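Trainee: Dropping the structure in here first, questions after.
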Amino acid sequence: MEEQQSPTAGTPIYQESQQKNAKWLWLFIVLIIVGALIYAFVKGIGPFAAFKSEKVQEESTPPPVDFFQSSPSPESSPEAEVDKSQAVIRILNGSGKAGVASSVKDFLESKGYKIGSVGNAENFGFEQTVIRLKDSFKNFREVLFSDLSDNYSVKVSEDNLDATDSADIEIIVGSK
């Protein structure tokens with residue numbers, strides 16, 4: 001008769017299944033590491049950030065464009081067409097820094113503009129200086145933009161002031 005081998009006192013009964021489980025565990029760990037590396041490469045994080053930033057910079061840099069711009073004659077410049085004292089301007093402080101609106105008021109008055117009021121904006125979260133105009137004062141857009149852009153980061157809002165507003169132009173001074 002054949003003798004059946006009985007487990008000895010020091011060996012586990014499920015030793016073979018534990019070895020299979022250990023192989024699957026190592027395979028699972030390797031797959032997690034490979035997946036993490038692929039994720040980091042795709043997202044451009046960790047050691048792969050240098051590869052991602054170079055690629056984005058290359059794609060986002062537009063090619064240089066040659067252009068010619070003639071200097072405008074005094075007759076065709078927007079300043080020649082606009083009477084700066086015609087519009088009533090409201091200046092609002094949107095930066096939160098004390099005295100900013102008053103300094104813009106003084107600056108614009110020295111340029112010949114008529115300032116109606118000075119105050120604070122609804123909030124102090126404006127980074128750029130925003131110009132809002134009534135439809136009938138759109139011809140002031142370029143002149144105001146050029147006068148303010150030397151000292152401030154300026155944008156002209158697409159939102160118009162209501163025709164019934166007491167001011168013809170509103171300037172919200174930002175932090176930049």
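Trainee: Which peptide among 152-159, 84-91 comes first, and what is the full order, when sorted by highest mean count of other Cβ atoms within 10 Å?
Mentor: In descending order of packing, they fall as 84-91, 152-159.
Trainee: Explain nothing, just the number: relative contact order of segment 81-173, from Cα pairs under 8 Å at least 6 residues apart, as a whole percent.
Mentor: 40 percent
Trainee: Still on this structure, I have one more. Which of the lysines could be linked to residue 43 by a straight reach, that is with a Cα gap under 21 Å, when you skip same-chain ones fewer than 8 residues away?
Mentor: Leaving aside lysines fewer than 8 places away in the same chain, those within reach of residue 43 are 52, 55.
Trainee: Related question: Excluding residues on the same chain fewer than 8 positions from residue 97, give the lysines whose Cα lies under 19 Å from its Cα.
Mentor: By straight Cα distance, residue 97 reaches 105, 176.
Any read-out appearing in this document is the output of simple, stated calculations on the displayed coordinates, not a laboratory observation. Since we're looking at a predicted model, the values are computed, not measured. Heads up, the Cβs are rebuilt from the backbone with ideal geometry, glycines too, and the neighbour counts pull from every protein chain shown.
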